Amino acid sequence: MEALTAIVIGALTAAAVYLMLARNFMRFLFGLVLLSNAANLTIFASGRMTKGAPALVPYGEDAPLGVVGNALPQALVLTAIVIGFGLLAFTLALAFEAYRRLRSVDTDEMRYAEPKEEATK
Amino acid sequence: MSWVLVMPIAVPFLTAVVAFLARSLPAGRWISLAGSVLTLVASAVLMAAVLDEGVIAAQMSNWDAPFGITLVADYLSAVMVVITAITGLATAIYALGEIPEETEALGFYALFQTLIAGVTGAFLTGDLFNLYVWFEVMLIASFSLLVIGGGKERLDAGIKYVALNLVSTLIFLSGIGLLYGVTGTLNLADMRDAVAEAENQGLITVIAMMFMVGFGVKAAVFPLFFWLPASYHTPYFAISAVFAGLLTKVGVYALMRMFTLVFVGDVGFTHEILIWVSLLTMFTGVIGAAAQTDFRKILSFHIISQIGYMTLGLALFTPLALMGGVFYLVHHIIVKANLFFVAGLAKQYAGDTDLNRIGGLYKSAPLLAALFIIPAFSLAGFPPLSGFWAKYLIVKAALELNMWFVTFVSLLVGLLTIYSMTKIWGMAFWKPHPDGIDPTPDRAPARVTAAMIVPIAGLALMTIIIGFYPEPFVQFAETAATQLLDPTDYVTTVLGVQP
């Protein structure tokens, strides 16, 4: 299971890097989504993938009985997903506003904050 | 005990909530100012507690370490929290003069206070995943602050800033995942031993490099700094001052924390890389600044160059060098925020930040000129200002290790810094205005100029105090460095404390 997850993470990262190398900012964003999922899967896999019951404590007990799954990575991944979702929503809104104002999603044409061409020569 | 650690984070958060509700009222800005004063008080209380006890820690929600989230403050954290509060207060005052009402109504002060809370949280947390969360709090606030007010330049800068920072965060997050997989813990104090005992030290070094890249982007070191000069010259001056002062320093702080507390197993490899990275950061930053003619772009490149000195302090990894690094960190926040404030006021007077289009400020605003000279010469390392002592400690540490090349580059970069500062001085202050006019802030009422000059004068005064009376600050930095190099106290306080 870990090996399969590792391959998936690698494939996701490779696809993300490929997308992020594009000049189109939307492709960059899609790459970011994939990379974000690769990071989440990395955390998930780090918690060891074991077959176990949900980490629930029966009523009247202090600790869960028997072998239970590691709940911490799930909490971490959940936090990371929520944060990533918020950031992605912001970035999408920013990209849309940039497209509306700058009339382009091509990062090569986005040079409004850069030095003017004649100044660089 | 725990409220001492919580208050510096909780106060700005609460202020943010109240300021957001009052965002379209004139009261909003005064709420923000009051919140910043209270944050400073809370930070001072924290500092007093740390000076008293050395290291203090608190377990959130009564979950014992290493299972719960720990807040911990040693000397370095405490001084960073205090300096954050000081910068926050200075910015809150400066914003009274600079930020227009329509931007205030968008929730400017709420975002600003959230940023301060995020930065403070990052300095105080003792939990790696919690550090990631504080980074994100800080990032989302900084994204919004960077583009608030709109305009093509800000949107363009925002895209680049957001994109590169998100990538670095994801590298950092993957690093956390892998480190958790190897050590089984997220508590930094607990992780120190777990990392030392890990079987696969090669994997630890790989993870260390992921952290170095992730934090390196935040700290804007060579060759990862490209987002910084692309974005820092576009937002409001109050914003670029607080960004310049604090945000990159969070990256440096995180590097210092991780590479003294956790990743110390292969110092010969990791810190050797850091030395070269630092030297290249210092040199490329200062060369980049020499090529610019915009007030804020010059200052932006100088941030990069100065970051190199701080990471060099970490990279040399001797008590003296770390002491210099800590001293540099504090001095730099004060000086750099102040220079961006001065740039904003210079724009109020002369109407632009392009040095070719302004001039004559020395004649029409002698007070501003005097207030520019103090942080500028401090940045360049003139005695007896604070920058001299900071550079002196780093250079002395390099000399003690017989690293002649490192010493040479440090001094050369200092020399080139003087070149940039005299360029600003000559073009903005001495040269007559190209339009043949005497620059005056005729567009701005006196209240605006007053609100902007108070924080500049205050921070300049701090620079002078540190410069003329460095003894207590140096001693403080020495203790901070000792704690960093021997974190036994840190570890036992975190793991042993009862809630």
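Points to keep in mind about this one:
- Tally, over segment B:95-153, of residues that are away from every other protein chain (no Cβ under 12 Å) and either in contact with a strand residue (DSSP E or B) (Cβ under 7 Å, 6 or more places away or on another chain) or hydroxyl-bearing (Ser, Thr, Tyr) (or both): 8
- Some residue of segment B:175-189 being more than 12 Å from chain A (Cβ to nearest Cβ) and in a helix (DSSP H, G or I): yes
- Given (1) under 30 Å from B:Ile437 (Cα atoms); (2) out of contact with any Ser or Thr (no Cβ under 6 Å at 6 or more places or on another chain), number of the condition B:Leu412 does not satisfy: (1)
- Within segment B:230-289, the set of residues being more than 25 Å from B:Ala198 (Cα to Cα), more than 14 Å from chain A (Cβ to nearest Cβ) and polar (S, T, N, Q) comprises B:Thr248, B:Ser278, B:Thr281, B:Thr284.
- Test: residue in segment B:143-164 that is touching a Gly at 6+ places or on another chain (Cβ under 9 Å), without any contact (Cβ under 8 Å) to a residue 12 or more places away in the chain and within 24 Å of A:Leu34 (Cβ to Cβ): no
Matching residues to (1) among the acidic types (Asp, Glu); (2) buried (at least 24 other Cβ atoms within 10 Å of the Cβ):
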residue	(1), (2)
B:Glu197	yes, no
B:Gly202	no, no
B:Met210	no, no
B:Phe215	no, yes
B:Ala219	no, yes
B:Phe226	no, no
B:Ser231	no, yes
B:Ala238	no, yes
B:Val264	no, no
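- The one condition from (1) in a helix (DSSP H, G or I); (2) away from every other protein chain (no Cβ under 14 Å); (3) surrounded by 24 or more Cβ atoms within 10 Å (Cβ to Cβ) that B:Ala65 does not meet is (1).
- Residue match in segment A:77-85 (condition: within 9 Å of chain B (Cβ to nearest Cβ), under 30 Å from B:Leu179 (Cβ atoms) and free of Cβ contacts under 8 Å to residues at least 12 places away in the same chain): yes
- Any hit, segment A:21-43, residues being more than 10 Å from chain B (Cβ to nearest Cβ), over 12 Å from the mean Cα position of the chain (by Cα) and crowded, with 17+ Cβ neighbours inside 10 Å: no
- Any helices (runs of 4 or more DSSP H) falling wholly within segment B:402-499 and containing at least 2 residues that are over 30 Å from B:Phe67 (Cα atoms) and over 21 Å from the mean Cα position of the chain (by Cα): B:404-424, B:446-468, B:471-485
Only the coordinates and a few stated rules stand behind these numbers; no lab work does. Keep in mind that this is a model prediction, so the values were computed, not measured. Methodologically, a virtual Cβ is constructed for each residue, glycine included, from the backbone with ideal geometry; neighbour enumeration extends over all protein chains shown.
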